[in-house]
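So the structure is just underneath, and the comments pick up after that.
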Amino acid sequence: MERTVPIRSSEEIDLYLRTIYSLLRSTNEVYIRTLEGVHASTDSSLHMQAQGDQPDTSALIYTLLRLPEEITRVNKVILGQTTSSFAEYGFPNVESWREVSARARRRKCFYDGEGLLACYIASRSDIDDVVPCLTALQIEWNKLHFLLNTIEPTQIEVALPANPKVFKKFGDLLRLSEDDLARLYTVLGDAFTETMLIFRDRKADFTIQLLSGSLNDYRRATVGWWENIVKKSQPSRQRPVYFVSSNTHSLTNLLSGYALGKKSDLLQHILENEPVLEAEWNEINQGETQANVENFYFYAMKKYLGTDEGQPLVQEQIDFEEERGIWRVPSMHSFEVEANIIELDKLDTATIDPRLNFPIGEDSLEFLKRSDALILNIDYPLGYSAYNLLTKVAESVDEILGIYIMGKAASLNGARGDVIIPEVVYDEHSQNTFIFSNCFTARDVASHLSFGTVLDNQKAVTVMGTFLQNKNIMDVIYREGYTDIEMEAGPYLSAVYELTRPQRYPINEIVTLNKLNFDLGIMHYVSDTPYTKGKNLGAGALSYFGMDSTYAVSLSILKRIIALEKERVTG
């Protein structure tokens, strides 16, 4: 029998969290500098050099990717749940400010152009994410501020990779290896010199203010999120729902097949403008890589739509999808969790991804025309907001046929691009150990995965935040047989518990979720390997390689839904 274990057992991290929330109880702004000492003392696995003078490039890059690029001009960050929260505290027009976003974190933020950043939050998990990110950035910014002030501005302006000797000397002065400096340059791109000059000109001294932050405010924000979905797509309460938490591109790409109808346009664009993708395409044609050709076109379409040449296709793609019953619902006036409503009876089997379509005959997907079911696919949320969102969905629909969770995770025994299928989840929020029957096995995914490995029968830990882990905690996790570290499975399973029991989820118990009246599947793709130095998303992004595992999981989910729906419709 599995037992609960106090995995979050670091006194330093407990102290860090208590300090954060005691400070944020203040109705006034709080200086981030008051958290620097306790942050550094946690010895976070994402910020291992916080206490030294040596800049921690991976921690700096991690924060820069998860905060809007305007953060270098920000003095104060305001966190609120709804527009009314901001208005109540004297910020009535935040949505008239310029909307800004981070590259590696979905969070609706607005910048006033004068040092003020307002961000919507969906749960306390956003606080556990934003505050450590700001603190880590401030620590690393101020290390570089000191070192950059030993250099003349003219030396910074010419320190570019195009001038290798000067660039290397610049790295030496900043106590950075050439590789670390090159990674930082890759992330900052054209803003590299400007950012270095900003770091030189002033020390970081952020303040932060939390507006209210009650559980009721989070519930109100969730209600607003759902009302927006109902208003935009008008899903019938009586139609049964397959709930999917993944992203907003893979399922829609597979079910619409839009990109697969634009192959000639995409190849022309690649040959003229994308030498890296052209090389990949040549390797696929010559059989030198196992990469999947459909995934290649989906990735190429994403790149193409981001260009001026591809912009006219954005609306064309939306129209194409809506003709097939696929509706995109962006977030409005609340936290950033986009949704897709997919009407199975309106899908066009002639354009659907061929990996989903069975041979013409009795196994044809034409039976979907008789389906009354919907897929509600939400952009996977951050942490505890998963509980709020699934609970609200369950309150608002009559029948849930399946719940499928795809997320990213850090793995202690896998490699980036692997897929992990857990059957046990320890949740730091509830301190429960959830044991459940995962409807997916390695066999379901392996045939769709070109590069990675599928690891099933695994054990996952849902953590409070990415910075709130250190080597001691990870050692405890690994000794207990947990290898999958992520942020959403536990809150989702708390909501699943309440879908099947007449009471709120328990605390610090072993919870067996069996004999459910709906399908349940959880899969994670590996984006970080914390036991391998630098192998986290602070060091890079999954890019095209990461699409292999993402689409393998998405295909497995859709095939499961199609099989269940065939049984339900045809009897």
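The values are calculated or read from the model by the stated rules, or taken from the named source; none is laboratory data. Being a predicted model, the structure only gives us computed values, none of them experimental. Quick reminder, even Gly has a Cβ in these numbers, built from the backbone with ideal geometry, and neighbours come from all protein chains shown.
Considering only region 198-218, state which residues are surrounded by 14 or more Cβ atoms within 10 Å (Cβ to Cβ) and part of a helix (DSSP H, G or I). Write out each step before concluding.
Narrowing region 198-218 to residues surrounded by 14 or more Cβ atoms within 10 Å (Cβ to Cβ): 198-200, 204, 206-213, 217-218.
Listed by number, the residues that qualify are Ile198, Phe199, Arg200, Asp217, Tyr218.
Among the residues of region 92-107, is there at least one that is of a type in the set (Ser, Thr, Tyr) and either touching a Gly at 6+ places or on another chain (Cβ under 9 Å) or part of a loop (DSSP other than H, G, I, E, B) (or both)? Can you show your working first?
Within region 92-107, the subset of a type in the set (Ser, Thr, Tyr) is 96, 101.
Checking which are either touching a Gly at 6+ places or on another chain (Cβ under 9 Å) or part of a loop (DSSP other than H, G, I, E, B) (or both) leaves us with 101.
Yes - at least one qualifying residue is present in region 92-107.
Is region 232-243 home to any residue that is in the same structural domain as Glu322 (by TED's automatic domain parsing), in a helix (DSSP H, G or I), modelled with pLDDT under 90 and surrounded by fewer than 21 Cβ atoms within 10 Å (Cβ to Cβ)? Working first, answer last.
To start, the set of residues in region 232-243 that are in the same structural domain as Glu322 (by TED's automatic domain parsing) comprises 232-243.
Filter again for in a helix (DSSP H, G or I), leaving 232-233.
If we keep only those that are modelled with pLDDT under 90 too, we end up with 232-233.
Adding the requirement that they be surrounded by fewer than 21 Cβ atoms within 10 Å (Cβ to Cβ) leaves 232-233.
Within region 232-243 (the criterion being in the same structural domain as Glu322 (by TED's automatic domain parsing), in a helix (DSSP H, G or I), modelled with pLDDT under 90 and surrounded by fewer than 21 Cβ atoms within 10 Å (Cβ to Cβ)), the answer is yes, since at least one residue qualifies.
Residues that are β-branched (Val, Ile, Thr): list the helices (runs of 4 or more DSSP H) wholly contained in region 424-536 that include at least 2 such residues. Walk me through it before giving the result.
Numbers: elements: 442-446, 471-479, 489-500.
Hits in region 424-536: 471-479, 489-500.
Determine which single condition Ser125 fails, assuming it passes every other condition in (1) under 21 Å from Lys76 (Cβ atoms); (2) in contact (Cβ under 8 Å) with a residue 24 or more places away in the chain.
(1)
Pick from Glu288, Glu294: which is over 24 Å from the mean Cα position of the chain (by Cα) and in the same structural domain as Thr550 (by TED's automatic domain parsing)?
Glu288
Just to be sure, is Ser554 surrounded by 17 or more Cβ atoms within 10 Å (Cβ to Cβ), polar (S, T, N, Q), modelled with pLDDT of 95 or more and farther than 22 Å from Ile435 by Cβ?
The answer is yes for Ser554.
One residue is enough: does region 341-354 have a residue meeting the conditions loosely packed, with under 15 Cβ neighbours inside 10 Å and within 30 Å of Glu274 (Cα to Cα)?
Yes: one or more hits.
Taking the conditions exactly as written (under 17 Å from Glu140 (Cβ atoms) and not polar (S, T, N, Q)), does Ala87 satisfy them or not? Reasoning before the result, please.
Values: under 17 Å from Glu140 (Cβ atoms): no; not polar (S, T, N, Q): yes.
Considered against the rule, which asks whether it is under 17 Å from Glu140 (Cβ atoms) and not polar (S, T, N, Q), Ala87 comes out as no.
Inspect all residues belonging to region 376-397 and state whether any of them is without any contact (Cβ under 8 Å) to a residue 24 or more places away in the chain and surrounded by fewer than 21 Cβ atoms within 10 Å (Cβ to Cβ). Talk me through it step by step, then tell me what you get.
As a first pass, look at region 376-397 and keep what is without any contact (Cβ under 8 Å) to a residue 24 or more places away in the chain: 395.
Filter once more, so that each one left must be surrounded by fewer than 21 Cβ atoms within 10 Å (Cβ to Cβ): 395.
Yes, region 376-397 contains at least one residue that is without any contact (Cβ under 8 Å) to a residue 24 or more places away in the chain and surrounded by fewer than 21 Cβ atoms within 10 Å (Cβ to Cβ).
Quick check, is Gln315 polar (S, T, N, Q) and under 30 Å from Ser447 (Cα atoms)? Steps first, answer last, please.
Numbers: polar (S, T, N, Q): yes; under 30 Å from Ser447 (Cα atoms): no.
Against the criterion (polar (S, T, N, Q) and under 30 Å from Ser447 (Cα atoms)), Gln315 does not qualify.
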